[in-house]
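Student: Have a look at this one before I ask anything.
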Amino acid sequence: MHTLVTGGTGLVGNNCVRLLLERGHQVRVLARVSSDARPFAGLDVEIAPGDVRDASSLQAATQDIDWVVHAAAVVQLGWTGLDLQQAINVEGTRNVARAARAAGARMVHVSSVDALGIGTRTQPANEESPVGGHVEVPYVVTKRAAEQALLEEVAQGLDAVIVNPVYVLGPWDWKPSSGRMILAVAKGQSWIAPPGGNDFCDVRNVARAVLTALERGQTGRRYILGGPAMSYFEAWTLFAEVTGGRRPILTARPRWLRAAGLLGSAWGRISGREPDVNSASTAMSALEHHYRCDRAVAELDYNPGDVREAATAAWQWFRQHGYA
């Protein structure tokens, strides 16, 4: 098959590109002129210059395409950046979906569980859980709106599937994105863990599920790509074992977390640049984010993978590529 991948420089997108090539598919990647060239070095891919915000570039990029993997998105956990996230996450998804529909291509939209209702460790959510419980930051709002934009195109005839990964770990994390958590632990910067938790999965298994969804996922259907549930204290302890970094010594009390977030947001207003530690990100880190993935297991043969194995692969890749 001839496949277009957006977001090919990102963790999920780059793993999808490599798996498609491994399986003998022709791959075209949508990339801005300013994009990092390293993720495609040595790969037999066709570069289509463009941007998800530019409908005309997508029209050209989807010519003679059978499949589309849409993994491009802005991930920013804070209160700022709504306009950019609206343009890329929502309108960009709409543009890709329209171009795929015009080309008669089948599409998988890589969304996030942050677009869904939130669950706890004892009562994990699924694809049908009512929306609620999240901190309504621009990322959450725009990822949810992006799914609606896609489903509007499905109603117009687009053949598309949505996958909703949990916290993804693994190799080829060029930016880096979720692997920043592993790097922070390795550097000894994470000795007080936030009180929340997450589910963790292997990006290589996410890429396999994306390709299976292209092959046989049900049109208009969501699939949570979940993983083992861990508190951040448990996850950071595991990351410390993998990297040789310092283990967390305790879990932050809620008032400590709120104070740190408020200080970060105050500094962001003074400096004009919102830091990673802000009142939105700290509020999100206090939540449990736990989900069931029965549907993906049953219909996509999804396997969440082992968290230690995924973290080890990520750490080895970071070391080999000079990040650590």
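The values are calculated or read from the model by the stated rules, or taken from the named source; none is laboratory data. Since the structure is predicted, the reported quantities are computational estimates derived from the model, not experimental observations. Neighbour counts run over all protein chains shown; Cβ positions are idealised from the backbone, glycine included.
Student: Quick check on Ala97: is it at pLDDT 95 or above, assigned to a helix (DSSP H, G or I) and within 16 Å of Ala213 (Cβ to Cβ)? First the steps, then the outcome.
Tutor: Numbers: at pLDDT 95 or above: yes; assigned to a helix (DSSP H, G or I): yes; within 16 Å of Ala213 (Cβ to Cβ): yes.
Spelling it out, Ala97 is indeed at pLDDT 95 or above, assigned to a helix (DSSP H, G or I) and within 16 Å of Ala213 (Cβ to Cβ).
Student: Turning to a different aspect of this structure: For the stretch 222-279, enumerate the residues that are in contact with a helix residue (DSSP H, G or I) (Cβ under 8 Å, 6 or more places away or on another chain), in a helix (DSSP H, G or I) and at pLDDT below 95.
Tutor: The answer is Leu257, Arg258, Ala260, Gly261, Leu262, Gly264, Ser265, Ser279.
Student: Looking at (1) touching a residue at least 40 places away in the same chain (Cβ under 8 Å); (2) under 30 Å from Gly196 (Cβ atoms); (3) not small (Gly, Ala, Ser), which one does Glu91 not meet, given that it meets all the others?
Tutor: (2)
Student: Tell me, yes or no, whether the stretch 25-33 has at least one residue that is assigned to a loop (DSSP other than H, G, I, E, B), among the charged types (D, E, K, R) and at pLDDT below 95.
Tutor: yes
Student: Among the residues that make up the stretch 17-36, is at least one of them polar (S, T, N, Q), under 17 Å from the mean Cα position of the chain (by Cα) and more than 30 Å from Ser265 (Cα to Cα)?
Tutor: no
Student: Turning to a different aspect of this structure: Would you check if Ala314 is in contact with an Asp or Glu (Cβ under 7 Å, 6 or more places away or on another chain), surrounded by 15 or more Cβ atoms within 10 Å (Cβ to Cβ) and either among the acidic types (Asp, Glu) or over 30 Å from Gln218 (Cβ atoms) (or both)?
Tutor: Against the criterion (in contact with an Asp or Glu (Cβ under 7 Å, 6 or more places away or on another chain), surrounded by 15 or more Cβ atoms within 10 Å (Cβ to Cβ) and either among the acidic types (Asp, Glu) or over 30 Å from Gln218 (Cβ atoms) (or both)), Ala314 qualifies.
Student: If the Cβ limit is 6 Å and pairs must be 6+ apart or interchain, which residue in the stretch 208-222 that is surrounded by fewer than 20 Cβ atoms within 10 Å (Cβ to Cβ) pairs with which residue that is part of a helix (DSSP H, G or I)?
Tutor: Cβ pairs passing all conditions: Thr212/Leu300; Gly220/Val154.
Matching residues to (1) in contact with an Asp or Glu (Cβ under 8 Å, 6 or more places away or on another chain); (2) aliphatic (A, V, I, L, M):
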| site | (1), (2) |
| --- | --- |
| Tyr139 | yes, no |
| Ala149 | yes, yes |
| Trp172 | no, no |
| Met181 | no, yes |
| Ile192 | no, yes |
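Student: For the stretch 30-48, give me the residue count where each residue is out of contact with any Ser or Thr (no Cβ under 7 Å at 6 or more places or on another chain) and either among the β-branched types (Val, Ile, Thr) or over 20 Å from Met107 (Cβ atoms) (or both).
Tutor: So the answer is 12.
Student: When you check Glu309 against the structure, is it touching a helix residue (DSSP H, G or I) at 6+ places or on another chain (Cβ under 9 Å), of a type in the set (Asp, Glu) and part of a helix (DSSP H, G or I), yes or no?
Tutor: no
Student: Please pick out the residue among Ala48, Ala102 that is surrounded by fewer than 17 Cβ atoms within 10 Å (Cβ to Cβ), outside any loop (DSSP other than H, G, I, E, B) and on the phi < 0 side of the Ramachandran plot. So that I can check it myself, show each step before the final result.
Tutor: Values: Ala48 fails: surrounded by fewer than 17 Cβ atoms within 10 Å (Cβ to Cβ).
Just one listed residue meets the conditions, Ala102.
Student: So, in the stretch 64-91, exactly how many residues are touching a helix residue (DSSP H, G or I) at 6+ places or on another chain (Cβ under 7 Å) and either among the basic types (Lys, Arg) or closer than 26 Å to Leu211 by Cβ (or both)?
Tutor: So the count comes out to 12.
Student: Moving to a separate point now. Name the single residue, out of those in the stretch 130-145 being of a type in the set (Gly, Ala, Ser) and surrounded by 15 or more Cβ atoms within 10 Å (Cβ to Cβ), that is farthest from His109 (Cα to Cα).
Tutor: Looking at the filtered set, the residue picked out is Gly133.
Student: Can you tell which of Val163, Val110, Val131, Val137 is among the β-branched types (Val, Ile, Thr), in contact with a Gly (Cβ under 6 Å, 6 or more places away or on another chain) and in contact (Cβ under 8 Å) with a residue 12 or more places away in the chain? Even if it seems obvious, please write down each step before you answer.
Tutor: Working: Val163 fails: in contact with a Gly (Cβ under 6 Å, 6 or more places away or on another chain); Val110 fails: in contact with a Gly (Cβ under 6 Å, 6 or more places away or on another chain); Val137 fails: in contact with a Gly (Cβ under 6 Å, 6 or more places away or on another chain).
None of the other options fit; the residue is Val131.
Student: Consider the stretch 128-177. How many of its residues are of a type in the set (Val, Ile, Thr) and either closer than 19 Å to Phe200 by Cα or touching a Pro at 6+ places or on another chain (Cβ under 6 Å) (or both)?
Tutor: To start, the set of residues in the stretch 128-177 that are of a type in the set (Val, Ile, Thr) comprises 131, 135, 137, 140-142, 154, 161-163, 166, 168.
Still in the running and either closer than 19 Å to Phe200 by Cα or touching a Pro at 6+ places or on another chain (Cβ under 6 Å) (or both): 140, 162-163, 166, 168.
Adding up the residues that qualify gives 5.
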